[in-house]
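Report on the structure given below.
Only the coordinates and a few stated rules stand behind these numbers; no lab work does. Here the structure is a predicted model, which is why all the values come from computation and not from measurement. Methodologically, a virtual Cβ is constructed for each residue, glycine included, from the backbone with ideal geometry; neighbour enumeration extends over all protein chains shown.
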Amino acid sequence: MINAIRAFNSQTKFYSGNKIIAIGKISDLGHKSSSIHLQLVEELECCNADYILCKDTELKQVVNKVRNKNITWYPNKELLINDLKYLCNEDSLTLLKSSVTGTDFPEIAKSLPDILEMNDIEFDGDNLFEKLSKVGKSYIRINNETGQIIEKFNSNQSQTIEGMSPLIYYLKAIDEKLEDRIISMKSWPTNNSKNGYVEGLKIHIYTFLKNMTNSPHPSEIYELANELFDNHIERKEYINQLIQQLKLSTAIATNLTGRFRSKERQSYTVNDLYQVYKYYKYDLFKFSNTFILGLKYKSGFIRGEKETIIFTSYQDPKSEFDCFLSI
C-alpha cells in the first residue's frame with residue numbers, strides 16, 4: 001500500500017483536479033495489524049492528496065493520528081461512495097487501494113465508474129461538508145389525520161453531516177420509562193463554565209430529555225448516554241439493534257454525541273427520520289411540537305395542526321416551513 005501511495009504522488013502533477021486517496025484495511029496481518037497500519041500515518045501526512053477517505057476499523061487509529069490533512073473515516077461503503085461522487089471532479093486523480101479480501105473496496109472500485117458517470121452534481125470548490133449539507137436539504141410532508149405522505153422533496157439526495165445520537169438516546173429513555181430524578185453532571189470534555197455546563201451541576205433527567213429535542217449541548221448528550229448505558233459496547237449494541245429494527249442507515253451514529261467531526265463521517269436521511277416517525281410519532285412530541293437535531297444545519301420533525309414536516313439540513317427550518325404549518 002505504501003508503494004501505491006508513492007506511485008500516486010508521482011502522478012499528481014499531471015492532473016489539475018482533486019487528488020484523492022481512498023483506502024481500506026490490509027487483511028490477514030494478525031497481531032501485527034495495528035503496527036503495520038500505523039506505518040501509513042507518515043506516508044499519508046506527506047502525500048499529495050487533497051482528500052483522504054478511509055474505511056474499515058483498522059484505519060480508525062490511522063485517521064486519528066494523521067495531522068494537517070483532509071482525512072475522514074467512513075462507517076460504510078455507501079457513505080464513502082456518496083462523498084467520492086462530489087470529490088471526483090474534472091481531471092481528478094483517485095487511488096483506491098485495500099486488500100482484496102475482508103473489505104468492501106473491490107466492490108467500491110467496481111461500482112464507482114458507473115456511479116460517477118450518472119452523477120450530475122459538480123463539486124465547485126466549496127468545503128466538502130458545506131456542499132453535502134446544501135445538497136442534502138430535503139423534506140417529507142405528512143398528513144396528521146391520515147398518516148399519508150403529502151409531498152416529498154429531494155429525498156434521494158437527503159443527507160446530513162451530523163449523527164442522530166441525541167434522538168437515539170431520547171428514544172431509549174422513553175422506551176425504558178426513565179424516571180425523573182436529580183443528578184450531578186460529571187466531568188465531560190465539552191464542559192465549560194461560560195455556558196453553565198460544569199461538573200457537579202444539578203439537573204433533572206427530564207430536563208435532559210426535553211433538551212434533547214432542541215439541538216442539545218454535547219455535555220447533556222454525554223450525561224444522558226452515561227445514564228442509559230454502562231459502557232461503549234452496550235451503547236453500540238443498542239444502536240445496532242435499533243438500526244436493524246427500524247431499517248436505518250448504518251452511518252447514523254458514528255460518534256457518541258452525534259456532533260460533526262471532519263475525521264469521522266456520519267449521516268442520516270429524511271427516510272431514516274421517517275422510519276423513526278412511523279414507530280415513535282407520539283413519543284417524539286412529548287415535550288414540544290418540534291424535535292430538532294444539529295447546529296448550523298438542522299434536521300428533525302416539526303408537527304403542525306394538520307401536517308408534520310420531517311426534514312434534513314435546513315439552516316432555519318421553522319421559517320422555511322411556516323407556509324405549511326400552524327404550530
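Computed quantities for the displayed model
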read-out: Separation between Cα centres of region 83-150 and region 180-243, rounded to whole Å; value: 32 Å
read-out: Principal-axis tilt of helix 105-118 within the chain, Cα atoms, nearest 10 degrees; value: 80 degrees
read-out: Degrees between helix 232-246 axis and first principal axis of the chain (Cα, 0 to 90, nearest 10); value: 80 degrees
read-out: Label-point gap, in nm, between Phe324 and Glu227 - each point 7 angstrom along Cα→Cβ; value: 3.2 nm
read-out: At 1.002 mPa s and 20 °C, Stokes diffusion of region 1-93 via Kirkwood alpha-carbon radius, µm² per second; value: 157 µm²/s
read-out: P(r), alpha carbons of region 219-270 - 10 Å bins starting at zero, rounded %; value: 23, 52, 25, 0
read-out: Around Ile20: net Lys/Arg minus Asp/Glu count, Cβ-Cβ under 14 Å; value: +1
read-out: Calculated FRET value between Asn64 and Gln11, using beta carbons and R₀ = 35 Å, to 0.05; value: 0.80
read-out: Signed unit charges on C-beta, dipole axis of the chain, positive-most listed residue Leu178, Thr12, Phe129; value: Leu178
read-out: Over region 2-120, relative contact order from alpha-carbon pairs under 8 Å, at least 6 apart, %; value: 34 percent
read-out: Highest-fluctuation residue, Gly147, Gly163, Gly304 considered, GNM on the chain with Cα pairs under 10 Å; value: Gly147
read-out: Net charge dipole size for region 2-120 [Lys, Arg +1 and Asp, Glu -1 on Cβ; Debye, nearest 20]; value: 480 debye
read-out: Between 0 and 90°, nearest 10: helix 2-11 axis offset from the chain longest Cα axis; value: 80 degrees
read-out: Loop-located GluC sites (Glu not before Pro) in region 169-237 whose Cβ has at most 16 other Cβ within 10 Å (DSSP); value: Glu176, Glu179, Glu199
read-out: Ranked packing of 268-274, 41-47, most packed first, by mean Cβ within 10 Å; value: 268-274, 41-47
read-out: Percent RCO, i.e. relative contact order, over the chain, from Cα pairs under 8 Å lying at least 6 residues apart; value: 17 percent
read-out: Listed values [x] 23; [y] 55; [z] 42, entry calculated as percent of Cα pairs over 37 Å apart; value: [x]
read-out: Lys, Arg +1 and Asp, Glu -1 on Cβ, resulting dipole of the chain about Cα centre, debye, nearest 20; value: 500 debye
read-out: CD proxy at 222 nm, helix term only [per DSSP H run n ≥ 4: -39500 (n - 2.57); per residue of the chain; nearest 500]; value: -10500 deg cm²/dmol
read-out: Segments 34-40, 132-138 sorted - mean Cβ within 10 Å per residue, highest first; value: 132-138, 34-40
